[in-house]
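The values are calculated or read from the model by the stated rules, or taken from the named source; none is laboratory data. Predicted model, so just to flag it, every value in this text is computed and none were measured. Don't worry about glycine lacking a Cβ; one is built from the backbone with ideal geometry, like all the others, and counts go over all protein chains shown. Please note that ligands, DNA and RNA were not included when accessible areas were found on the heavy atoms of the full protein model with its side chains. Shrake-Rupley method; radii C 1.70, N 1.55, O 1.52, S 1.80 Å.
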Amino acid sequence: MLKVINVVGARPNFMKVAPIVEAMRRRATEFAPLVVHTGQHYDARMSEAFFRDLELPEPDVHLGVGSGTHAAQTAAVLERFEPVVISEQPDWVVVVGDVNSTLACALCCAKLGVRVAHVEAGLRSRDRTMPEEINRLLTDQLSDLLLTPSPDADENLLAENIPRERIRFVGNVMIDSLYAQLERANRSRIREELGVKGIDYAVLTLHRPSNVDAREPLTRVLDALARIGARLPVVFPAHPRTRRRLEEFGLLGRVEALAPRVRLCEPLGYLDFLRLYSGAKLVLTDSGGIQEETTALDIPCLTLRENTERPITITHGTNRLVGTADAATITAAAFDALDHPRESRPPLWDGQAADRILNALLEPRA
Ligand code: UD1
């Protein structure tokens, strides 16, 4: 029986950990799972709602770190996670994704000599101004087992001299959650609530510091939003950081003035958001995960970034990289994606990744 600590910290972690914990509970003779929440995200809409929607068990331990600078947040997780690992003595710690909590917990384990497995290993944007890229590079260096979502990730790791025997291509565990929850999401009334039931609409999400922490890129996205909104309504669930910046830059009134073509709302839970984007004709986003979720459901996606660590969503999916340098480019790409949708699916995005992850943890190792 393997005792495993599963770490969650921020919103994009919950849908990756839920299927792993569920599979461990189903395979209870092989695994004893614990869930540790670092508390990086703490708002009800950014955290609690996801536990409910994804049927994730309450965390066994909550570290309550909250927001802070990158150094302060990473340090707080490192300091508060260490005594948990020392007292629990797990066989494995599983970390997912690329948030500050991911790196902090991997570093803690590496120092304690506790084995750590990284789910979603090997993704690279090659943009070191992105905090997540630093987290990915370092977490992969520190991990004993690298569980990858796509073959490009294996190649990235091998190019960084990570030994092949540490790498397992298991597929995309976030897609396990998506398939598992599609039916429950059908019960959500969010399309009715937002007034988009039965009509063509788009969805926008935006939260990356490079897009929202300066006035100029944010303004360019709003320009594009006005033009796209003239063709079809756009729903815009705003991350707390984004809403704060819109207020600070005096841009909130501009977004609100675009109503009802642009419908600003609070961040949505997992099921409501799934119900919303699964019916959209187009998604615009700077998120990593949403590039993958739209590919899994054949929804056209425009990525509002200059690069992506998920190139497979372009080569085998619906994603197009458009950046935020120019409002006209975003608008033209949006209209092209609406007029010429694409369909295809990456290998092993089949809803079975969690069991492959568990099997990799069970393999005998030196
Ligand atoms: C984090 C992740 C990012 C992920 C994103 C998804 C890192 C480096 N970044 O970015 O990869 O895509 O989560 O949401 O780990 N805030 C709240 N309530 C919350 C959480 C945050 O109001 O529950 C506000 C705070 O003002 C905080 C700011 O958002 O300072 C940023 O939060 P933080 O967790 O530092 O980074 P995110 O931008 O959310």
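Calculate the dipole size of the range 77-125 relative to its Cα centre from +1 charges on Lys and Arg beta carbons and -1 charges on Asp and Glu beta carbons; express the result in debye to the nearest 20. Provide the component values of the computation, followed by the final result.
Values: 4 positive and 6 negative charges, 26 e Å.
Roughly 120 debye for the range 77-125.
Can you check what the net charge comes to around E88, using other residues whose Cβ is under 12 Å from the Cβ of E88 (Lys, Arg +1; Asp, Glu -1)?
Numbers: positive: K3; negative: D60, E82, D91.
In short, -2.
Search the structure for amide H atoms under 5 Å from the amide H of T318, placed 1.01 Å from N in the peptide plane, and list their residues when 5 or more places away or on another chain.
Correct list: T295.
How many percent of the accessible area of the chain is carbon or sulfur, using a 1.4 Å probe?
Numbers: 7340 of 14540 Å².
Carbon-and-sulfur percentage of accessible area, whole number: 50.
By accessible area of protein heavy atoms, probe 1.4 Å, what ranking do T29, T329, T285, T74 get, highest first? Walk me through the intermediate numbers first.
On the way: T29 120, T329 65, T285 0, T74 30 Å².
Largest accessible area first, the list is T29, T329, T74, T285.
Once you place label points 7 Å from the Cα toward the Cβ at D127 and F335, how far apart are they in nm?
2.6 nm
Given the options S143, C105, F249, identify the residue whose Cα lies farthest towards the positive end of the charge dipole of the chain (+1 on Cβ of Lys, Arg; -1 on Cβ of Asp, Glu).
Result: F249, furthest along the dipole toward the positive end.
Could you work out Rg/(2.2 N^0.38 Å) for the chain, with Rg from alpha carbons only?
Details: Rg = 19.9 Å, N = 366, 2.2 N^0.38 = 20.7 Å.
Normalised by 2.2 N^0.38 Å, the Cα Rg of the chain equals 0.96.
Under the definition of Cα pairs under 8 Å and six or more residues apart, what whole-number percent is the relative contact order of the chain? Display every interim value, and only then the final one.
Working: 708 pairs, mean separation 58.1, N = 366.
Averaging sequence separation for qualifying contacts and normalising by length gives 16 percent for the chain.
In debye, nearest 20: dipole of the chain around its Cα centre with unit charges on the Cβ of K, R (+) and D, E (-)? Could you put the intermediate results ahead of the total?
On the way: 44 positive and 50 negative charges, 114 e Å.
About 540 debye.
Could you tell me the number of lysine pairs in the chain with C-alpha atoms less than 26 Å from each other, where the two lysines are 8 or more residues apart or belong to different chains? It would help to have the intermediate numbers written out before the result.
Values: K3/K16; K3/K111; K16/K111; K16/K281; K197/K281.
Summing the qualifying lysine pairs gives 5.
Kindly state, to the nearest 0.05, the FRET efficiency for D213 paired with S87, given R0 = 35 Å and r defined as their beta-carbon distance.
Values: r = 39 Å, r/R0 = 1.10.
Calculated transfer efficiency: 0.35.
Could you give each residue of the range 11-24 its phi-based ³J(HN,Hα) in whole Hz, using Karplus coefficients 6.51, -1.76, 1.60 with θ = phi - 60°, and x for Gly or Pro?
Karplus values, whole Hz, x for Gly and Pro: 2, x, 7, 4, 6, 8, 7, 3, x, 5, 5, 4, 5, 5.
To the nearest 0.05, how large is the calculated FRET efficiency for A75 and S344 if R₀ is 45 Å and r is the Cβ-Cβ distance?
On the way: r = 43 Å, r/R0 = 0.95.
The value I calculate is 0.60.
Please list, ordered by chain and number, the residues whose modelled amide H lies under 5 Å from the amide H of F236; skip anything fewer than 5 residues away on the same chain.
When sequence neighbours closer than 5 places are left aside, the close amide H contacts are L204, R263, L264, C265.
With each pseudo-label sitting 7 Å past Cα toward Cβ, what's the E58-R189 distance in nm, one decimal?
2.9 nm
In percent, what relative contact order does the range 37-90 have, based on Cα pairs under 8 Å that are 6 or more apart in sequence? Mind showing how you got there, number by number?
Details: 38 pairs, mean separation 20.8, N = 54.
Value for the range 37-90: 38 percent.
What is the set of long-range amide H partners of L63 at a cut-off below 5 Å, with H atoms built 1.01 Å from backbone N?
Amide H neighbours of L63: H37, T38, G39.
Residue separation times 0.36 nm, minus the C-alpha to C-alpha distance between D298 and I134: what's the value? It would help to have the intermediate numbers written out before the result.
Numbers: separation 164, 0.36 × 164 = 59.04 nm, distance 3.02 nm.
My answer for the length gained is 56.0 nm.
So, R0 is 45 Å and r is the distance between the beta-carbons of L2 and T315; what FRET efficiency does that work out to, to 0.05? Display every interim value, and only then the final one.
Values: r = 35 Å, r/R0 = 0.79.
That gives a FRET efficiency of 0.80.
Have a look at G229, N307, L321 and report the one farthest towards the positive end of the charge dipole of the range 183-339, computed about the Cα centre with Cβ charges (Lys/Arg +1, Asp/Glu -1).
Sorting the options by dipole projection puts first G229.
Roughly how many Å² is the accessible area per residue of the range 217-339, as a whole number, for a 1.4 Å probe? Intermediate values should be presented prior to the final figure.
Working: 3940 Å² over 123 residues.
Computed with neighbouring chains in place, this is 32 Å² per residue.
Give me the number: length gained by fully extending E266 to I199, i.e. 0.36 nm times residue separation minus the C-alpha to C-alpha distance, one decimal in nm. Provide the component values of the computation, followed by the final result.
On the way: separation 67, 0.36 × 67 = 24.12 nm, distance 2.11 nm.
Separation in residues times 0.36 nm, less the Cα-Cα distance, equals 22.0 nm.
So what J values fall out for the range 115-124 if you push phi through Karplus, 6.51 cos²θ - 1.76 cosθ + 1.60 with θ = phi - 60°, rounded to Hz, Gly and Pro as x?
5, 10, 10, 10, 8, 6, 6, x, 6, 9
Quick one: Cα centre-to-centre distance for the range 279-335 and the range 184-259, in angstrom?
Cα centroid of the range 279-335 versus Cα centroid of the range 184-259: 15 Å apart.
Given +1 on the Cβ of Lys and Arg, -1 on the Cβ of Asp and Glu, and no further charges, what dipole in debye does the range 183-339 carry about its Cα centre, rounded to the nearest 20? All intermediate terms of the calculation are to be shown ahead of the outcome.
Working: 22 positive and 21 negative charges, 69 e Å.
Computed about the Cα centre, the dipole is about 340 debye.
Whole-Hz ³J(HN,Hα) for each residue in the range 94-108, computed from phi via Karplus 6.51 cos²θ - 1.76 cosθ + 1.60 with θ = phi - 60°, x for glycine and proline: what do you get?
Along the range 94-108, the couplings run 9, 10, 10, x, 9, 8, 4, 4, 4, 5, 4, 6, 5, 5, 4 Hz.
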